[in-house]
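Before any comments, here is the structure.
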Amino acid sequence: MIDNLLPVIFGYDISAYSFARLFHELGGYRSLVVADADRGPIQHSRLFDVRRIDREVRQNEDRFFAELGAIEREYPDRQLLLLINTDDEVEFVARHPHKLERWIAPYSSEDVIARASNKESMAELVTGLGLAVPKRADVRIVSESGVEAWAAALESLTFPVVVKPQDARFSLDRWWNQGLRKVKVLATVPQALEWFGMLARNGVETNLIVQELIPGHDTAQWLVNGYVDSNGSVTAVGSGHVLLGLHQPAYIGNAGIVLLEKNDVLIDQATRIVKAAGIRGFFSMDVKVDPRTGVPYWLDLNPRIGRGHYYLKVGRVDLAKALLDDVEGRPAQFQTNSRTGIFSIIPQAIATRKYVPDADLWDKVKEARKVAKVDPLAYSKDWHIKRWIYRTVHGLNEAKRMRQFYPKPTETGF
């Protein structure tokens, strides 16, 4: 282990705390969390110190690197490990690796990240491997004069469809109040044209991805996360079966409760995809299995660790160990799922039989609950009464949001 290692974690959410917990569990490392807000997941913790920054630092490349320089000067004798989990920050790092001589930065190169972020390029890569992606079309929203072009773009698709902004980070911040959403389900062509027209009338200017909707409620969703070492070998990879996702509009698409279940087919396919894409360091992937055919449809490849990455630790896949083995040049023992269990960032009691209607899957859930039930924020070595109060209130609020936004499962998951 690196004695003078300082994990430097950008963020204030559950993924940031999970990073700190991983490295504390691995080697007792105390991290430095760099945050632009003092939110519940990072409050009252003994695992790290908190460095406050302006919000713009994480969105502005020059200010981001200026902050890294300040940390370098403040910790001249430490080996700095950069742990980030937003697309902007990963792209900053990829564009300027020469600015990171003092840092361990487990992320892909600029060209690889550009390809992984481009939906069309990734679709070509995945289908070139003989694997499936949802059929899609691109729509440009600029004015009502685009109606004919919109209709032509939709001709090749079977409805219903899921619509997402191509550049969600920028577009949602700018156009949320004008009706743009992270995910929008549209049942028919007329409904789609009406919604596009509404956006255009409200002044929205953005590019949209329109994908055919793969049916199935939340339990049709799976996660695959892992680590690719500097030689291109996948040294850690595991899978999780989503039981219930988050359904409030700002967080839709994120898993709330996950069953640790090894899916050899998905792990094999994911490994092929990340190796073909040239990924290095952390990766996270979303896949939906069509309940009609059993065919997995690959939705996203993210060249970063992902918000709920701690779920793999429940299955005894340690991404922090995979990283340090790589950095220190140690032969890495391949890690994959070796234990079942339940990972949750919302109360596990919400995942009732109502949301898990399949009898065989429900039996797996009951057995997994006997083995391990893990909330990454509930760390026994970081107990504090105020942290317990936060988790309790957060859990009650999540139960309320589930009743509000997803009171019962649907055949589409929306």
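Here residue 2 meets each of (1) touching a Lys or Arg at 6+ places or on another chain (Cβ under 9 Å); (2) part of a loop (DSSP other than H, G, I, E, B) with one exception, condition (1).
The single condition among (1) surrounded by 15 or more Cβ atoms within 10 Å (Cβ to Cβ); (2) more than 22 Å from the chain's Cα centre (by Cα) that residue 4 does not meet is (1).
Filtering the stretch 53-68 to residues that are open to solvent by less than 50 Å² (accessible area, probe 1.4 Å) and in contact (Cβ under 8 Å) with a residue 24 or more places away in the chain leaves 58, 61, 64, 65, 67, 68. For the stretch 311-334, the tally of residues that are open to solvent by 10 Å² or more (accessible area, probe 1.4 Å), within 22 Å of the chain's Cα centre (by Cα) and farther than 17 Å from residue 1 by Cβ stands at 2.
Among the residues in the stretch 279-286, are any open to solvent by less than 20 Å² (accessible area, probe 1.4 Å) and over 13 Å from the mean Cα position of the chain (by Cα)? Taking every residue of the stretch 279-286 in turn, at least one turns out to be open to solvent by less than 20 Å² (accessible area, probe 1.4 Å) and over 13 Å from the mean Cα position of the chain (by Cα).
Under the condition of being in a loop (DSSP other than H, G, I, E, B) and small (Gly, Ala, Ser), which residue from the stretch 324-367 is farthest from residue 259 (Cα to Cα)? Spell out the reasoning first.
Initially, the stretch 324-367 is screened for residues in a loop (DSSP other than H, G, I, E, B), giving 328-334, 336-341, 345-347, 351-358.
Checking which are small (Gly, Ala, Ser) leaves us with 329, 332, 338, 341, 351.
Working: 329: 33, 332: 26, 338: 13, 341: 6, 351: 11 Å.
Step by step, filter the stretch 324-367, then rank; the result is 329.
Taking residue 230, is it of a type in the set (Gly, Ala, Ser), closer than 20 Å to residue 337 by Cα, in contact with an Asp or Glu (Cβ under 9 Å, 6 or more places away or on another chain) and touching a residue at least 60 places away in the same chain (Cβ under 8 Å)?
no
Can you spot a residue in the stretch 161-174 that is within 22 Å of residue 213 (Cβ to Cβ) and in a loop (DSSP other than H, G, I, E, B)? Checking the stretch 161-174: at least one residue is within 22 Å of residue 213 (Cβ to Cβ) and in a loop (DSSP other than H, G, I, E, B).
Residue-level analysis places residue 223 outside the set of residues that are touching a residue at least 12 places away in the same chain (Cβ under 8 Å) and either charged (D, E, K, R) or open to solvent by less than 10 Å² (accessible area, probe 1.4 Å) (or both). Residue check: is residue 381 closer than 28 Å to residue 304 by Cα, exposed (fewer than 14 other Cβ atoms within 10 Å of the Cβ) and out of contact with any Phe, Trp or Tyr (no Cβ under 8 Å at 6 or more places or on another chain)? It is true that residue 381 is closer than 28 Å to residue 304 by Cα, exposed (fewer than 14 other Cβ atoms within 10 Å of the Cβ) and out of contact with any Phe, Trp or Tyr (no Cβ under 8 Å at 6 or more places or on another chain). Taken over the stretch 62-110, the criterion of being within 22 Å of the chain's Cα centre (by Cα), assigned to a helix (DSSP H, G or I) and of a type outside the set (Gly, Ala, Ser) is satisfied by 64, 87, 88, 89, 90, 91, 92, 93, 95, 110.
Filtering the stretch 340-354 to residues that are under 22 Å from the mean Cα position of the chain (by Cα) and either open to solvent by less than 40 Å² (accessible area, probe 1.4 Å) or not hydroxyl-bearing (Ser, Thr, Tyr) (or both) leaves 341, 342, 343, 344, 345, 346, 347, 348, 350, 351. Within the stretch 30-52, can one find any residue that is more than 22 Å from residue 308 (Cα to Cα), in contact with a strand residue (DSSP E or B) (Cβ under 8 Å, 6 or more places away or on another chain) and open to solvent by less than 40 Å² (accessible area, probe 1.4 Å)? Within the stretch 30-52 (the criterion being more than 22 Å from residue 308 (Cα to Cα), in contact with a strand residue (DSSP E or B) (Cβ under 8 Å, 6 or more places away or on another chain) and open to solvent by less than 40 Å² (accessible area, probe 1.4 Å)), the answer is no, since none of the residues qualifies. Whether any residue in the stretch 145-156 is crowded, with 21+ Cβ neighbours inside 10 Å and either modelled with pLDDT under 90 or in a loop (DSSP other than H, G, I, E, B) (or both) is what I want to check. Within the stretch 145-156, none of the residues are crowded, with 21+ Cβ neighbours inside 10 Å and either modelled with pLDDT under 90 or in a loop (DSSP other than H, G, I, E, B) (or both).
Taking residue 25, is it over 24 Å from residue 390 (Cα atoms), open to solvent by 50 Å² or more (accessible area, probe 1.4 Å) and part of a helix (DSSP H, G or I)? It is false that residue 25 is over 24 Å from residue 390 (Cα atoms), open to solvent by 50 Å² or more (accessible area, probe 1.4 Å) and part of a helix (DSSP H, G or I).
Put simply, of 253, 216, 240 the only residue that is open to solvent by 30 Å² or more (accessible area, probe 1.4 Å), under 27 Å from residue 408 (Cβ atoms) and touching an Asp or Glu at 6+ places or on another chain (Cβ under 8 Å) is 253.
Pairing residues of the stretch 168-187 that are more than 20 Å from residue 157 (Cβ to Cβ) with residues that are aromatic (Phe, Trp, Tyr) and in a helix (DSSP H, G or I), at Cβ distances under 6 Å and at least 6 apart in sequence or on separate chains, gives no pairs at all. Within the stretch 384-414, the residues that satisfy the criterion of being assigned to a helix (DSSP H, G or I), within 19 Å of residue 243 (Cβ to Cβ) and open to solvent by less than 20 Å² (accessible area, probe 1.4 Å) are 395, 398, 402.
The values are calculated or read from the model by the stated rules, or taken from the named source; none is laboratory data. What you see is a predicted model, and the numbers here were worked out from it, not measured in a lab. All Cβ positions, glycine included, derive from the backbone under ideal geometry; neighbour counts span all protein chains shown. For accessibility, only protein heavy atoms count, side chains too; no ligands or nucleic acids. Shrake-Rupley method; radii C 1.70, N 1.55, O 1.52, S 1.80 Å.
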